[in-house]
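The next block holds one structure in the form of structure tokens; read it before the comments.
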Number of protein chains: 2
Amino acid sequence: MAVTLKDIAREVGVSVTTVSRGLAGYDDVAAETRERIQEVADQLGYHPNLTARRLQKQRTDTLGFIMPTFGPRFSDPFFSEFLAGIGNEAAGYGYDLLVSTHAPDSDREREAYARAVRGGWVDGLIVVRTRENDERIETLCAHEFPFVAFGRTDCNCDFPYVDEDGAAGMRLIVQHFIDLGHRRIGFIAPPPGLMFGRYRLRSFLSTMAANNLETPPDLVVEGDMTQRGGAEVVERLLNLAERPTAVIAGNDLMAIGALNRIQQRGLRVGQDLAVAGFDDIPLSAYTTPPLTTIHQPIYDIGRRTCAMLIEIINGRPPANPHILLTPELVVRESSGPPRTTN
Amino acid sequence: MAVTLKDIAREVGVSVTTVSRGLAGYDDVAAETRERIQEVADQLGYHPNLTARRLQKQRTDTLGFIMPTFGPRFSDPFFSEFLAGIGNEAAGYGYDLLVSTHAPDSDREREAYARAVRGGWVDGLIVVRTRENDERIETLCAHEFPFVAFGRTDCNCDFPYVDEDGAAGMRLIVQHFIDLGHRRIGFIAPPPGLMFGRYRLRSFLSTMAANNLETPPDLVVEGDMTQRGGAEVVERLLNLAERPTAVIAGNDLMAIGALNRIQQRGLRVGQDLAVAGFDDIPLSAYTTPPLTTIHQPIYDIGRRTCAMLIEIINGRPPANPHILLTPELVVRESSGPPRTTN
DNA sequence: TTTGACATCCAAAACGTTTCGGATTATACT
DNA sequence: AGTATAATCCGAAACGTTTTGGATGTCAAA
């Protein structure tokens, strides 16, 4: 069926070895034969068998991405953009991208990582949504398997990552609200196990404290990162005897859910209550009102994560394996000063 | 390094052949030796080398998904959900999923399909966002390469697909608006090259005609499927001397963009102007106001597409290779009767 | 004429698996 | 005793590539 080295060898009248080396451009095959080989290869439409090459070279030229998916109705704008980033970068270097989808912290997820670690499946992994005491990272470190994470974590091994400076981002929002005159600010926190959520929550609390503002515990509620979750828990904030004048959500999706519920209550977002999100997903510019948020260059993060991984796989440890991107505040109509008559 | 059949063979004291056949469960190896082999394999932590097996079996146990991505800031809630669907289904059957990202109709995309067709890369492909005169499908058909499409197209080859009945869906919305009393309905069409857009547009026009309503050309504008696009082109509808009382967008993303711009103009969506989308992405329940739309079981479509592909790869042509899913209308607050004083 | 250097080529092994076609031994049947 | 039958096993080839370690021949320098 497919054209192999043997076919070319027969046609040209040399050995398979010579064909292989000729095509690879080694200089121990005469220029003339090399040209002849190339010519016949083109004419026959030769394309090397990747599987065979992989078996021989003991590498797959493939990157793995194990996507943590929650439930069947899984939709996160983060992933398509990130995927496009790593996909394009990988393709540029001639790498394929193998994608698995598994529920976080599930047995199947663990098994997928185990499979990667024991070799031959992919050359390296991209890890996203780092978790507290991240078992995945512990495993990869322990086996010295090449990987790069999007996000830091608190395990005691040193590993390469690209991350946004969530603390800095949150500081920007909180300060923005405080500068506008807000004193009572509610926070919709991401689930505690996710590292990026922790950074955001901690930074929220510390920035408040740095401004001599206290944050009573009932001003912090926890959502599940979805619109639905945001909508549900913002209720608790709205029902407080002394309602906050501003609400910050740990991500845009929850902020959008909150927007929805707040407006259903008849409150005007931006006037009666300020709201901010985090991530600047494309949608956040088109909500009603448009959402104040922190911009994250997800596509670029994907590219850089992937590029770093490829460097590592090829034995070129990056000069700086810890990239921390400083985010920027995007002010839109969902934020405004507190109502004076409050 | 890794444990191979040879290691087990040496340990047990039989040939590599016997180990291979023993593990595979052939009955020409004694039960006793089989158990012994299995035991040693477990103890040594044997896992077959997939690359070697692939080379031998001449199949990759891998499915390909070539994602059409537009521009760097690419974010489409459709893809993460679809990906989760095919990913989970594929994993259930022991298949890996190889994902490439390429701009539609680009040389790199063509090259990716060419690579698939010439074999050895993946066992089958999943094609999405079918296009008019879809070159990809022509190629795959011509080479008899296993694939399943999400979406139909107008080429003259017969091929397996899963699709939503876009025409039926659009009929539901249009009829819904007409029943509410609307007569002048604007339409934000998807780009013309995409088949699903054509079905939706055609059904919009024909349903209008079936109700003896005319659709002057300036009531149909064309967007690029993004919020930004929806926001931009809805302006043209709003600027018309005789403004429509309802607007239907070809997908939810554009509807959301339209929502934004309409409200910026000071119009109340649902009262002053009715709006509907198409897809029922999770966000559409949380816009302000929530969006009337057509529900698409994307996750399920992903699963079914994948399942069908695996059947085909394994030489079991599905009884019904043309699945058409009937969508349902989801009425939310963005739709309402036309203003009486119009 | 020998020596060495160089240019060009290739056979064979290797990567780890599966499969083909027997080979060997024991068992049962004439 | 001889012969068929079944139960076990295995050597070798195959999948398509790359690499190792020469082999062969040519030419120039000593």
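The values are calculated or read from the model by the stated rules, or taken from the named source; none is laboratory data. Predicted model only: the values in this text are computed from it and were never measured. Virtual Cβ from ideal backbone geometry, glycine too; neighbours counted across all protein chains shown. For accessibility, only protein heavy atoms count, side chains too; no ligands or nucleic acids. Shrake-Rupley method; radii C 1.70, N 1.55, O 1.52, S 1.80 Å.
Inter-chain Cβ neighbour count for B:227-239, averaged per residue, equals 1 (cutoff 10 Å, partner chain atoms only).
For segment B:166-296, just run the numbers: alpha carbon Rg, then divide by 2.2 N^0.38 Å, N being how many residues it has.
Working: Rg = 12.9 Å, N = 131, 2.2 N^0.38 = 14.0 Å.
So segment B:166-296 has a normalised radius of gyration of 0.92.
Of all the accessible heavy-atom surface of segment A:166-296, with the other protein chains kept in place and a 1.4 Å probe, what percent is carbon and sulfur? If you can, show how the numbers build up before the last one.
Details: 2240 of 4460 Å².
C and S fraction of accessible area: 50 percent.
The angle separating the long axis of helix A:298-313 from the principal Cα axis of greatest extent in chain A is about 40 degrees. The angle separating the long axis of helix B:166-180 from the principal Cα axis of greatest extent in chain B is about 30 degrees. At 222 nm, what value in deg cm²/dmol follows for chain B if DSSP H runs of at least 4 each add -39500 (n - 2.57) and the sum is divided by all its residues, to the nearest 500? Helix-only estimate at 222 nm: -13500 deg cm²/dmol. Taking the label point 7 Å along Cα→Cβ, residue B:135 and its counterparts in the other copies are spaced 4.7 nm apart, in ascending order. With Cα atoms as the point set, segment A:84-243 shows a radius of gyration and Dmax of 19.2, 59 Å.
Counting only Cα atoms, the size of segment B:5-48 along its three principal axes is 23, 17, 16 Å, in decreasing order. Ordering B:158, A:165 by accessible surface, largest first, gives B:158, A:165; the 1.4 Å probe counts only protein heavy atoms, with every chain in place.
If you sort A:218, B:252 by accessible surface, 1.4 Å probe, largest first, the order is A:218, B:252. A protection proxy built from the mean count of other Cβ atoms within 10 Å ranks the segments A:274-281, A:289-296, most packed first, as A:274-281, A:289-296. For residue A:215, the accessible surface of its heavy atoms amounts to roughly 40 Å² (probe 1.4 Å, protein chains only, rounded to the nearest 10).
Taking every alpha-carbon pair within the protein assembly as shown, the share separated by more than 33 Å comes to 55 percent. Could you grab the relative contact order for segment A:166-296? Cα pairs under 8 Å, six or more apart, rounded to a whole percent. After rounding, I find 24 percent. Size of segment A:67-124 from its Cα atoms: along the principal axes, largest to smallest, the extents are 32, 32, 11 Å. Using a cutoff of 8 angstrom between alpha carbon atoms and counting only pairs six or more residues apart, the relative contact order for chain B works out to 17 percent.
Less than 15 Å Cβ to Cβ from residue A:232, Lys/Arg counted +1 and Asp/Glu -1: what total charge do the surrounding residues give? Result for the neighbourhood of residue A:232: +1.
Show me the GluC sites (Glu not before Pro) within segment B:200-308 that DSSP assigns to loop and that have at most 12 other Cβ atoms within 10 Å of their Cβ. The partial results should precede the final answer.
On the way: sites: B:214, B:222, B:232, B:235, B:242; in loops: B:214, B:242.
When the GluC sites (Glu not before Pro) of segment B:200-308 are filtered for loop state and at most 12 Cβ neighbours within 10 Å, B:214, B:242 remain.
Give me the accessible area per residue for the protein assembly as shown, probe 1.4 Å, as a whole number in Å². Can you show the working numbers first?
On the way: 29140 Å² over 684 residues.
Per-residue value: 43 Å².
Surface calculation, 1.4 Å probe, protein heavy atoms: residue A:299 sits at approximately 40 Å² accessible. Take residue B:156, move 7 Å from Cα toward the beta carbon, and the resulting point lies 7.3 nm from the same point in each other copy, nearest first.
Residue by residue along B:173-181, Cβ atoms of other protein chains within 10 Å of the local Cβ number 0 on average. Would you work out if segment A:237-287 is rounded, prolate or oblate? Take a ≥ b ≥ c from the square roots of the eigenvalues of the alpha-carbon gyration tensor; rounded if a/c is under 1.5, else prolate when a/b is larger than b/c, oblate otherwise. Taking the square roots of the gyration eigenvalues as a ≥ b ≥ c, segment A:237-287 is prolate.
Measuring between their Cα centroids, segment A:12-33 and segment A:265-342 lie 54 Å from each other.
Only Cα pairs under 8 Å and at least 6 apart count here; give the relative contact order of segment A:222-312 as a rounded whole percent. Please report the intermediate quantities before stating the final value.
Details: 128 pairs, mean separation 21.5, N = 91.
Contact order relative to length: 24 percent.
By the rule of a second cysteine Cβ within less than 4.7 angstrom, chain B holds isolated cysteines at B:155, B:306. For the segment A:111-123, counting C-beta atoms of other chains within 10 Å of every residue's C-beta and taking the mean gives 2. With N the number of residues in chain A, Rg(Cα) / (2.2 N^0.38 Å) evaluates to 1.29.
For chain B, the longest principal axis of the C-alpha atoms and the axis of helix B:107-117 are separated by about 40°. Restricting the calculation to Cα atoms, segment B:249-342 shows an Rg/Rh of 1.20 when the hydrodynamic-style radius is the Kirkwood one.
Counting heavy atoms of the protein chains alone, residue A:121 has an accessible area of about 20 Å² for a 1.4 Å probe.
Taken as Cα centroids, segment A:111-178 and segment B:126-155 sit 38 Å apart, rounded to the nearest whole angstrom.
Put simply, chains A and B cover up around 4700 Å² of each other's accessible surface, both sides summed, when a 1.4 Å probe is used.
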